[in-house]
Amino acid sequence: MKFDHTHFRQALLRTPFHDRFVELSTTEEWMAWNTYKVPRVVDKLPTEYFAVRSGCAVMDLTPMEKYRISGRGARDYLDRLVTRDISKLKAGRVTYVVWCNDEGKVIDDGTVFQLGENDYRLCAQHHQFDWLLMSARGFDVDIQVETHDVAALAVQGPTSWSVLAAAGISNLEQLKPFGIADLRCGDIPVTVSRTGYTGDLGYELWMDPANALQVWDAIFSVQGQYDIHAMGLSALEMVRIEAGFIMPGFDFNTAEATIRNGYDRSPFEVGLGWVVNLDKGHFTGRKALLAEKSRPAKRRLTKIVVDGNKPVGEAFIYDGKNGKQTGEIKCATWSPILKANLALADIEFINGRLPAQLWARIDYQRELKWHSAWAECHSHSKPFYVPEYRSATPPMRY
Amino acid sequence: MSNYDAIVIGAGHNGLTNAAYLAKAGLNVVVLEKNEYIGGAAVSRELHEGWKYSNCSYVCSMMRQALHRDLDLGRHGLLLVPYLGTINFGDGDERLFSYHDEQAAHLELKRHSPHDADAMHRFQSDLTRYSQLIRKTLLRTPPDPTSLRPRDIMEFLYLAKQFWKLGEKEIYEYVRFFTMSAADFLDDYFENDLIKAAMASPGIIGTALGVYSPGSSYILLHHVMGDVDGSIGAWGLARGGMGAISAALAGAAQEHGAEIRTNAGVQQVLVKNGKAVGVVLENGDEVYARIVVSNLDAKRTFTRIMEKNDLPDGIYEKARNFKIRGSSGKVNIALSGMPKFSGVPENRYINRGGQGFTGSMETMERAYDCWKRGRWSDDPFVESVIPSAWDPTVAPPGQHWMSNFVQYCPPELADGPWTPEKRDQFGQTVIDKIERYSPGFSDLIVHMEVRTPHEIEQEIGLTEGNIFQGELTIDQLFFNRPFPGYGQYRMPVRNLYMCGSSTHPGGGVSSACGANAAREILIDLRRPNTVPEDDFYDE
Ligand SMILES: Cc1cc2nc3c(=O)[nH]c(=O)nc-3n(C[C@H](O)[C@H](O)[C@H](O)COP(=O)(O)OP(=O)(O)OC[C@H]3O[C@@H](n4cnc5c(N)ncnc54)[C@H](O)[C@@H]3O)c2cc1C
C-alpha cells in the first residue's frame, strides 16, 4: 500500500470492510486500532457477545500488524526471534508465539503462520518492523509489512463453520485447530485458518482487499439461515478474558515501550512460561530467562475470579481483607455466560508463591455515587471458559 | 545611595525568578536592568506597529511547571499552549508533516519509511527514559564532588539512587549520550534522511557544534527533556510572546515586593575586603546590598563588570576561556498574510505550526562548515514558527509574524566586523531559503528584524550571542557549570552569586537557574527556603 499525504483528510484509515460496518452501525461508536477506524460496538454489546458464544460473530481483523517473512533463513530467523520451538512447525499450521528483548522482557506476542516452505506470516499486536529488521541481521530473510495488503476477517462462534460452509467455503470440515487452508469462497481465493482470539470455535479469513466485500457479502448472505452479527472490540475484550488470552500493551507494558525501570514483564511473569522453550537452543532473551527461571518467581499475571457482582474496574489487590497491597487488576469483565467477575491481575509473589489469600478493593458507582467494597478473589490456572466443541473436527453442524 | 538585602543584575527571566524567590522570603530586592525593557532573551517587543515579536527565544518547554504554579504565573498573565503541526521540508520535494494524532503521525512516518515509523516508538521511549534523570536534576543544586559536607554527600546519594532506578543498562547509555553526536544517535534508529533531519534539529539549536560533533546528542536531549502539561518533548507558545513569561515573573516578583529598575545598566560590582557590597551603575549611581546576584553570563560577569584585582587568581582566565561561541541568528518577519508552501496540501492541522527547512543532516553539516570558516551558512538551517496562527495578540487579524531561528551565523566574520549591510545580506539569505519553499514569500514581508550574534550580544548582553549563556557540553555542565568548583551558584567573591543560564541547568527558558540560585542564597542568609520541589512524571 502506498500512502500519499492526502491521508490527513481522514486521520484514520478505513479497512476494506468499513462500508459494511457503517451500514450496520447503530451506535456510531468507533475507535482507533493500529491506524484504522474500527467499531467499538456495532449495535449492542450483549448481542455481539452472545453471537460469539451461541451463534456467529464477524469481526474485522485487518488492522492486525502482519509481516511476511520469507527466504531460506526464515525458519532459523523465527526460531531465534521467538521463545517457542518452531522448528517443528509445518506448512499449513499456526502457532502462538511471544518474543523478548535481550533482558528477557516481552516485546510482543502474536501468531506465526507457516504458509509454505520458507514462507511465514507473523501477526503481531504492535508495530514490530523495527525490531524484526534489527533481529534479522545475519539471516537470509526478507521481511515485508503486509498489514495493509491483506484483509482479514474473524468469523467466530459455534455456528461459524456452518455459516462459512453455507456461504460457499467448502472443504473446511477437516481443518483442525491451528490449521491453515487455501480455499475459495465462490471463485474468490481465501486463506482460512482455524484460529481466533475468542476461545470458541472460529476461523480467520485472509484475502486480497479487493475481494473483501464480496467475501463479507457471501457470509452475510446466509443470514436468513443463521444469526450472524458484526462485532466490535468491546465484545472481543469480554470473550478474550473468558478465554484467558492476554493483551500486551494493555495487560502489561511491552519492553520497547517501557520507560520506567521494572515496568516491563518477562513471559514467565505474564503466565506465558508454556511458550518458552529453554532447551531449543539460542534465542533472543534466553540467557536472561534461564537466569530468571532459577530464581523464585517475583510476580505473575494471574487469572482470578472476583467474588460477587460489583463491577470490577481498576482495583488494587491485597493479601487479605485490609491486608498489604500485593497487586493490581489489569483487565476485567463480567462474564454473562459464567455469571462471574473475571479478571487478570498482576500479583506480586511472596517467597515465590502466590499469596494464600487475595482480596480486591473495589470502588464502584451506583447512580453516580461511589461505594467501596472488599471482594475475595480466587486464582484460576486454566482459561475461564473453554467450550468442548471448539476443537472438534469436524465441527458440530447446525 | 540606597540599601537593599539583594541586588540582582539583569532582568532576564532567571534574574526575575531569582528576585521573586528572594522577595518571597522577605528580602528587600532590587533588579537592575540595562535595557529599557525587561526579559533579556525572553522578550516580546513591538518594533513595527501592530506586530509583537518574540525577538529571541520563541518557544517554551523547559519552564518548570512547579515554579509556574508556585509563582502563580497564570494569574500574572502567562498562558502556554502546545504548538502542533510542524512541516519539515526535504532538500527535494519531500515533506514530512508532524501530526498531533498518534495514528496519523504513524501513517505519515510510514509514508516515508515503514521502518522508521516503527522505530519512532523505540526512539520516543528511549528519549523519555534518558530525559527522566536530567529532569530530576533541573531544580536541584549540583553536588560538589570534592566536598564532604553532608549536603553534598546526600545529594550524590540521591543522584546515585535515581541513576540506579533507571536500571543498569541505562548507565552505559547515559555515558554514551553525553559524548556521542546527534547523528550517531539517530543512526541507531532511523534510515530516512528527512526524518533524521527533523529529529536532529534539536541537536544543533543554539550550539556551536555540528550534528556530527560529539556532544550534540546531549544538546538534543536538552531540547526534548521539557514538556507541556506532561507531554514530554513537546514545545509550547506563550500567548503574547516569550515576553509574557518575563512579564508574569516580574509581576510575581513585584507582588512579593521586589523593585525592578530599567535603564539601570551596571558598570561594576563593588567589592570591599573580598566581599561584594553593591554596584555602580553606568550613570554613576551606587547601590548597596548584602549580596549581589549576577544574571549575566559567566564571561561577562567576570571580564566586564568585575575588577580583575577583586578576583582570586585564575578566575579571570577561566571566565575568558569559558566556551560561549555564538552560532545562531534570528530573523523575525511581519507578514501581510499566511505564507503558502509548495507541496503542502490545504490542511488545517499542519499549516499552522512550525516549519523546518533543512532536509538532511548532510545539509546541516554543510551549514556548519561555513560557520567554521567565519561565514554565515549559504544554505542555512532555518527553524520557523508562525505564532500568530493561533495567538491573536501578536499580529493584526489575518496578518502574521514568523519567527525564524537560523544556523549557523558566527559572532565574528572572517572578512572583518559585522556591518548593517552584512547583517541584511544574512537576512536575505534566510528569505531566499524560505522563498525556495514558499514562492512569493518576500511579497508578504511588511517588516523584519534581523539579528546576528552581534546584535544579540549588543542588545541582551549574551556574550558572542551564545543563546545558552555558554556552550552545553559536558565540560561545562552540572557541577562544572560555569566552572569546576563553582557549580553551586556561589561565586569566587563572597556575597556574589550567579543566577543566569551560565549556571546549572543551563540555557533555555526554564527559570531553574534563578530558582536554584535563590535556594542557595536563602541558605546562606539563613532564611527559610521559598523554592518548591519540582514535579515529576516518573513515579
Ligand atoms: C535567538 C535566541 C533564541 C532562543 N530560543 C529559545 C527558545 O525558543 N526556547 C528557549 O527555551 N530558549 C531559547 N533561547 C535561550 C533562552 O532564551 C536563554 O537561555 C534564556 O532566556 C536566558 O535567560 P537568562 O535570564 O539566564 O539570561 P538573559 O536573558 O541573558 O538575561 C540577562 C539580562 O541581563 C541584562 N544585562 C546584561 N548586561 C547588563 C548589565 N551590565 N547591567 C544590567 N543588566 C544587564 C540583559 O539585558 C538581560 O536582560 C534562545 C535564545 C536566543 C538568543
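The values are calculated or read from the model by the stated rules, or taken from the named source; none is laboratory data. These numbers were taken from a predicted model, which means no experiment stands behind them. Neighbour counts are summed over all protein chains in view; Cβ atoms, including those assigned to glycine, are modelled from backbone coordinates with ideal geometry. Ligands, DNA and RNA are stripped out before the accessible areas are found, and what is left, the full protein with its side chains, is counted by its heavy atoms. Shrake-Rupley method; radii C 1.70, N 1.55, O 1.52, S 1.80 Å.
Descriptive notes on the structure:
- For the range B:109-262, the mean projected area of the C-alpha convex hull, equal to one quarter of the hull surface, is 13.3 nm².
- Once all protein chains are placed together, B:LYS275 keeps about 80 Å² accessible to a 1.4 angstrom probe.
- Measuring heavy-atom accessible area with a 1.4 angstrom probe and counting protein chains only, the residues of the range A:17-58 that give up at least 30 Å² relative to the chain alone are A:THR35.
- Computed over chain A: relative contact order in percent, which uses C-alpha pairs under 8 Å that are six or more apart: 17 percent
- Ordering of B:425-433, A:291-299 by packing [mean C-beta count within 10 Å, highest first]: B:425-433, A:291-299
- Two-site FRET efficiency, A:ARG72 against A:ASP102, from Cβ-Cβ distance with R₀ of 22 Å, rounded to 0.05: 0.30
- Among the listed pairs A:LYS37/B:LYS340; A:LYS293/A:LYS382; B:LYS323/B:LYS433; A:LYS66/A:LYS90, those beyond 26 Å (Cα-Cα): A:LYS37/B:LYS340; B:LYS323/B:LYS433
- 3J(HN,Hα) from dihedral phi, the range B:269-277, Karplus parametrisation 6.51/-1.76/1.60, rounded to Hz, x for glycine, proline: 8, 8, 10, 10, 6, x, 10, 6, 10
- Electrostatic tally near A:VAL190: other residues with Cβ closer than 12 Å to its Cβ, Lys and Arg +1, Asp and Glu -1, net -3.
- Per residue, the convex hull spanned by the alpha carbons of chain B comes to 143 Å³.
- Within 10 Å of each Cβ in A:121-128, the average number of Cβ atoms from other chains: 2
- Relative contact order of chain B: 25 percent, from C-alpha pairs under 8 Å at least 6 residues apart in sequence.
- The modelled label-to-label distance for the pair B:GLU412/A:LEU338, using points 7 Å beyond Cα in the direction of Cβ, is 7.8 nm.
- Span from the the range B:176-229 Cα centroid across to the the range A:274-311 one, whole angstrom: 38 Å
- For the peptide A:145-152, the mean number of other protein chain Cβ atoms found within 10 angstrom of a residue's Cβ is 1.
- Magnitude of the charge dipole, chain B, Cβ model with Lys/Arg +1 and Asp/Glu -1, debye to 20: 1420 debye
- Label-point separation in nm, B:GLU191 to A:GLN325, each point 7 Å along Cα→Cβ: 4.5 nm
- Bridgeable aspartates and glutamates around B:LYS308 (alpha carbons under 19 Å apart, same-chain partners fewer than 8 residues away excluded): B:GLU282, B:ASP297, B:GLU317.
- Peptide B:117-129 - average C-beta neighbours from other chains (10 Å radius): 5
- In the range A:1-133, the portion of solvent-accessible area held by carbon and sulfur atoms comes to 48 percent [1.4 Å probe, whole percent, DNA, RNA and ligands not counted].
- Listed residue (B:GLY240, B:THR207, B:GLY257) projecting farthest to the positive dipole end of the range B:191-296, Cβ model: B:GLY257
- Rounded to the nearest whole Hz, the Karplus-based 3J(HN,Hα) values (6.51 cos²θ - 1.76 cosθ + 1.60, θ = phi - 60°) of the range B:303-320 follow the sequence 9, 10, 10, 10, 7, 3, 5, 7, 9, x, 4, x, 5, 4, 5, 4, 5, 5, with x at glycine and proline.
- Overall, the ratio between the Cα radius of gyration of the protein assembly as shown and 2.2 N^0.38 Å, rounded to two decimals, is 1.07.
- Per residue convex hull volume, Cα atoms of the range B:152-240, in Å³: 163 Å³
- Cβ crowding within 10 Å averaged over residues, with B:366-375, B:414-423, B:251-260 ranked highest first: B:251-260, B:366-375, B:414-423
- Residue ranking by accessible heavy-atom surface, 1.4 Å probe, largest first, among B:LYS110, B:LYS34, B:LYS299, B:LYS340 comes out as B:LYS340, B:LYS34, B:LYS299, B:LYS110.
- Considered as an equivalent ellipsoid built on the Cα gyration tensor, chain A has semi-axes of 33, 28, 20 Å, the largest given first.
- The accessible surface of the range A:215-316, taken with every protein chain in place and a 1.4 Å probe, is 50 percent carbon and sulfur.
- Modelled this way, with points 7 Å down the Cα-to-C-beta line, the labels at A:VAL386 and B:ASP475 are 6.7 nm from one another.
- Relative contact order of the range A:239-395, pairs being alpha-carbon contacts under 8 Å that are 6 or more residues apart, as %: 25 percent
- The packing ranking of peptides B:19-29, A:102-112, highest mean first, is B:19-29, A:102-112, where packing means the average number of other beta carbon atoms within 10 angstrom of each residue.
- Accessible solvent surface per residue of the protein assembly as shown, calculated while the other protein chains remain in place, 1.4 angstrom probe, Å²: 39 Å²
- Its alpha carbons give the range A:296-380 an Rg and a Dmax of 12.5, 45 Å.
- Put simply, the range A:124-279 fits an ellipsoid with semi-axes of 33, 20, 15 Å; these come from the alpha carbon gyration tensor as the roots of five times its eigenvalues, largest first.
- Put simply, chains B and A cover up around 2500 Å² of each other's accessible surface, both sides summed, when a 1.4 Å probe is used.
- For the pair the range B:85-142 / the range A:97-117, the C-alpha centres are spaced 26 Å from each other.
- Of the GluC sites (Glu not before Pro) found in the range B:1-79, those that fall in a DSSP loop while having at most 10 other beta-carbon atoms within 10 Å are B:GLU36, B:GLU49.
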